[in-house]
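> I'd like to ask you about the structure that follows.
Each reported figure results from applying straightforward, stated rules to the coordinates on display, with no laboratory input. Computed from a prediction, not measured in an experiment: that's the story for all the values here. As a convention, Cβ positions derive from the backbone with ideal geometry for all residues, glycine included, and neighbour counts pool all protein chains shown.
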Amino acid sequence: MRWYIFGRLQGVKRATVLGLRLLREYKDLRSAIRAHLSEKRTQDVPCSPRIVAAVTAARKKEQKLFELYVDEKVDAEFFAEGQKSLRAQVSTLQPQLEEIERFQASQEEAVGKFEGLEGMLDDLDFDAIW
């Protein structure tokens, strides 16, 4: 059993070294991976433009409502009701907005990690390591 596991580990090691060598030697492969990561980074989470637009519109309406209140064109009760309604809209969309931000941050992190890997690949001597 021990030799079986050792043989499997040797196969995994060889596959790892081969994969890393391919990444180091084939610049086109690296370019393709970089392009794919960049494409995913710029992709929006489904409905994200709609959500961002709705939050932005609600915040603009709240600002306009505040300006009307300051200029005494609406009374305090109307202002309070309008502000409550607009803030409820924003708070309803807030979890979705946070999910969009988390998705975009994870895409940025993936790109950064790949760029770090690229820098290391050029410096590694696989024969000496493995």
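> Neighbour counts of other C-beta atoms within 10 Å: give me Phe66, Phe79 arranged from fewest to most.
Fewest to most other Cβ atoms nearby, the residues stand as Phe66, Phe79.
> Once you place label points 7 Å from the Cα toward the Cβ at Glu72 and Glu109, how far apart are they in nm?
Modelled inter-label distance: 5.4 nm.
> Still on this structure: Which of Ser85, Ser38, Ser48 ends up with the largest GNM mean-square fluctuation for the chain, with Cα atoms connected below 10 Å?
Comparing Ser85, Ser38, Ser48 in a Gaussian network model of the chain, the most mobile one is Ser85.
> Taking springs between alpha-carbon atoms closer than 10 angstrom, which of Gly11, Gly119, Gly19 fluctuates most in the Gaussian network model of the chain?
Most flexible of the set in this elastic network: Gly11.
> If you don't mind, another one. Arrange Val111, Val70 by Cβ neighbour counts within 10 Å, fewest through most, would you?
Val70, Val111
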